[in-house]
Structure formats: C-alpha cells, structure tokens
Amino acid sequence: MSHTSKVFIPLNVAVLTVSDTRTLETDTSGQYLVDQLDTAGHRVVERKILKDNLYQVRAQVAQWIADDNIQVVLTTGGTGFTDRDSTPEAVACLLDRSVDGFGELFRQLSYEDIGTSTIQSRALAGLANRTLVCCLPGSTGACRTAWEGILQKQLDARQGPCNMVAHLVPVLQG
C-alpha cells in the first residue's frame, strides 16, 4: 500500500472555532488555520464559530464527519481545563480510531513555547468515516504550533514515509 503521492492532493477542510467570546472578526486562531490551509492549496469548505456547548460542538462535528465531501475537520478552542472546555468530550466519542501520537507530539512541541503548562492541553485527533478530526487549543500560537509542527506535513500527500492523506483519500488506499 502506498503511503505517499508524487502530487499534492487538495483536501476539503471544515474549521470550527469553539468560543463564548470570539466572532469572525476577532477569531485570529480560526483565521490563521484558514490562511494556512489556503496557502497550502487546500479548500476550506466551511467555517463556523460555536459557543462552548458540548452538544452543539458534537452535532456540528458529527455532521461534518458524515459529509463525504469533507476530509478534515479542525477545531480550535475548548481543549483546556475550565468548566466550559468540553471539546475533547464532544468529539472523542465520535471517533472510530484515535491518533494518539497527535496529542503527544503537540504537547512535546508546545513544551518548547509554554513549558510545563502544556500538560493542560487536551489536544487530540482521530479518524471517523475517512475524516481526520483534530482538536486544537484556542490560542493562535497553539494553532501555529500544530500547523507548522504536524498538520502542514501530515496533510500533504507527498510527505513520506507516510501521511494522513493516505487514510482520507480512497485513491491512495492501495
């Protein structure tokens, strides 16, 4: 089974910001992700902002997972330890398979910027219905860490020895 492609394969991505206070005008984290995805050649097919509500977040992510036109869902926000942070609980039960290394690597990379505070990050990722779902912290710096340190390469079909695109696009399935 091939895990790479010789050509770039643009992916359809949905971006969800989970916040009680941000708007499209003030959502620097979601905008950062949209800008990086666009620059890389991917297609942002939907972008939304939802309040920190476990059931609304779960319903939206489930809808995107069920949409065969979406290969990646990126969420930003709601991964901390406050009483309102519930993105991991909203999403984890939707996943068919977790990508444990995502959260582990994110925290390792984040340690360089924020030290031991990284233990309070509950960043996670997993696969469901051939859709990669990644839950990132809400700060723009954390989104930059995830993009530059993980996502940029793992969403590129040319990245070897393997990448996540091989699990999202049927033509690369073998």
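The values are calculated or read from the model by the stated rules, or taken from the named source; none is laboratory data. What you see is a predicted model, and the numbers here were worked out from it, not measured in a lab. Backbone-built Cβ (ideal geometry, glycine too); neighbour counts: all protein chains shown.
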Could you list, in sequence order, all residues of the range 8-30 that are buried (at least 17 other Cβ atoms within 10 Å of the Cβ) and in a loop (DSSP other than H, G, I, E, B)?
-> 9, 11, 19, 22, 27
Would you mind stating whether residue 123 is buried (at least 18 other Cβ atoms within 10 Å of the Cβ), under 20 Å from residue 22 (Cα atoms), in contact with a Gly (Cβ under 6 Å, 6 or more places away or on another chain) and of a type in the set (A, V, I, L, M)?
-> yes
Return yes when residue 31 is polar (S, T, N, Q) and over 16 Å from residue 137 (Cα atoms) and no when it is not.
-> no
Check the range 48-58 and report whether any residue there is closer than 30 Å to residue 170 by Cβ, at pLDDT 95 or above and surrounded by fewer than 13 Cβ atoms within 10 Å (Cβ to Cβ).
-> no
Residue 8 is checked against (1) in contact with a strand residue (DSSP E or B) (Cβ under 9 Å, 6 or more places away or on another chain); (2) in contact (Cβ under 8 Å) with a residue 24 or more places away in the chain and fails just one. What number does that condition carry?
-> (1)
Search the range 36-47 for residues being surrounded by 13 or more Cβ atoms within 10 Å (Cβ to Cβ) and out of contact with any Phe, Trp or Tyr (no Cβ under 6 Å at 6 or more places or on another chain), and hand back the single one that is farthest from residue 10 (Cα to Cα).
-> 47
Complete set of residues in the range 59-91 that are under 23 Å from residue 121 (Cβ atoms), of a type in the set (S, T, N, Q) and either in contact with a Ser or Thr (Cβ under 8 Å, 6 or more places away or on another chain) or crowded, with 24+ Cβ neighbours inside 10 Å (or both) = 75, 76, 79, 87
Report, by residue number, each residue of the range 31-49 that is assigned to a helix (DSSP H, G or I) and of a type in the set (A, V, I, L, M, F, W, C).
-> 33, 34, 37, 40
Is one or more of the residues making up the range 130-139 surrounded by fewer than 19 Cβ atoms within 10 Å (Cβ to Cβ) and among the hydrophobic types (A, V, I, L, M, F, W, C)?
-> no
